[in-house]
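Single-structure report; data block below.
The values are calculated or read from the model by the stated rules, or taken from the named source; none is laboratory data. Keep in mind that what you see is a predicted model, and the values were worked out from it rather than measured. So basically every Cβ, Gly included, is an ideal-geometry build from the backbone, and we count neighbours across all protein chains shown. We work out accessible area using only protein heavy atoms, side chains counted, and drop any ligands, DNA or RNA first. Shrake-Rupley method; radii C 1.70, N 1.55, O 1.52, S 1.80 Å.
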Amino acid sequence: MSAVQVHKLGIEGAFEFTPPVYKDDRGLFSSPYQEAAFTEATGRPLFPVKDISHNLSARGVLRGIHYTATPPGRAKYVYCPYGRVQDFLIDLRVGSPTFGQWEATEIGDDCRALYIPVGVGHAFLSLADDSMVVYVMSEGYVPENEHAVSPLDPELGLPLPAELTAARSQRDLSAPTLAEAREQGLLPTYEACREVEAQLWP
């Protein structure tokens, strides 16, 4: 079996994993998460899983930038088994060496997966109808802990189509800019995120 390709992303602590994909006339088979590759890259196995969720999005739908208040924080492992999305990771951790930076990765039936550390924001633009994104998470969903930053914030400069008019949730439409979220004390600190991650692997 071919080895998983591992790429360390520009955001501190984030990784991309590309497993082999086996295709034939029946379809395909792949393993988006393989513990040996993850442990070799990060020095530890995947966090204890508390929640697995997925969504479907029509072409052109934009979701995010979403993140969880820290504490409690949530680490995520994300992949797209069907369709295709332009995925964005944005470092929202105040004090992080890569604070305010983003990384764009197109994911789809190549089964590429992303490890998203606690405090790093996530967004994606669906590039095909019925694109499915699967989330494996270290904590369950608690609505009052979930926050958003505007993906259209010019300070961030995400490479989104200028003519974007896709359906977005009300929460995403009213999300503050990065500067506004920081001013309002809504962003997690790098130190708090690292403390939460240390507790995930006692």
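Name every residue in segment 77-101 that is out of contact with any helix residue (DSSP H, G or I) (no Cβ under 7 Å at 6 or more places or on another chain) and surrounded by fewer than 21 Cβ atoms within 10 Å (Cβ to Cβ), in order of residue number.
So the first thing to find is which residues in segment 77-101 are out of contact with any helix residue (DSSP H, G or I) (no Cβ under 7 Å at 6 or more places or on another chain), and the list is 77-92, 97-99, 101.
Residues satisfying the conditions are 81, 82, 83, 84, 86, 97, 98, 99, 101.
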Revision key, fill the gap. Exception for residue 5 within (1) at pLDDT 95 or above; (2) over 24 Å from residue 102 (Cβ atoms); (3) open to solvent by 80 Å² or more (accessible area, probe 1.4 Å) falls at (2)
Review point. Only one of (1) free of Cβ contacts under 8 Å to residues at least 40 places away in the same chain; (2) open to solvent by 30 Å² or more (accessible area, probe 1.4 Å) is not met by residue 20, so which one is it?
Key: (2)
Point to revise | Residue identified as closer than 17 Å to residue 66 by Cα, modelled with pLDDT of 95 or more and open to solvent by less than 10 Å² (accessible area, probe 1.4 Å) among 138, 150, 131 | key: 138
Check your understanding: Which one of 103, 139 is assigned to a strand (DSSP E or B), among the charged types (D, E, K, R) and closer than 21 Å to residue 15 by Cβ?
Key -> 103
Practice item. Select from segment 52-76 the residues that are assigned to a loop (DSSP other than H, G, I, E, B) and either crowded, with 18+ Cβ neighbours inside 10 Å or on the phi > 0 side of the Ramachandran plot (or both) and list them in ascending order. Key: 60, 61, 70, 73, 74, 75
Check your understanding: Does at least one position in segment 115-123 carry a residue that is within 16 Å of residue 14 (Cα to Cα), small (Gly, Ala, Ser), in contact with a helix residue (DSSP H, G or I) (Cβ under 9 Å, 6 or more places away or on another chain) and assigned to a loop (DSSP other than H, G, I, E, B)?
Key -> yes
Exercise for review: Given the conditions (1) modelled with pLDDT of 95 or more; (2) open to solvent by 30 Å² or more (accessible area, probe 1.4 Å); (3) at positive phi, report the number of the one that residue 13 does not fulfil.
Suggested key: (2)
Check your understanding: Does segment 148-161 contain any residue that is in a helix (DSSP H, G or I) and more than 14 Å from the chain's Cα centre (by Cα)?
Key -> no
Check your understanding: Does segment 175-202 hold any residues that are exposed (fewer than 15 other Cβ atoms within 10 Å of the Cβ) and at pLDDT below 95, and which are they?
Key -> 198, 199, 201, 202
Check your understanding: Can residue 165 be described as of a type in the set (Val, Ile, Thr), closer than 30 Å to residue 37 by Cα and open to solvent by 50 Å² or more (accessible area, probe 1.4 Å)?
Key -> no
Practice item. Could you list, in sequence order, all residues of segment 58-101 that are over 11 Å from the mean Cα position of the chain (by Cα) and of a type in the set (Phe, Trp, Tyr)? Key: 82, 99
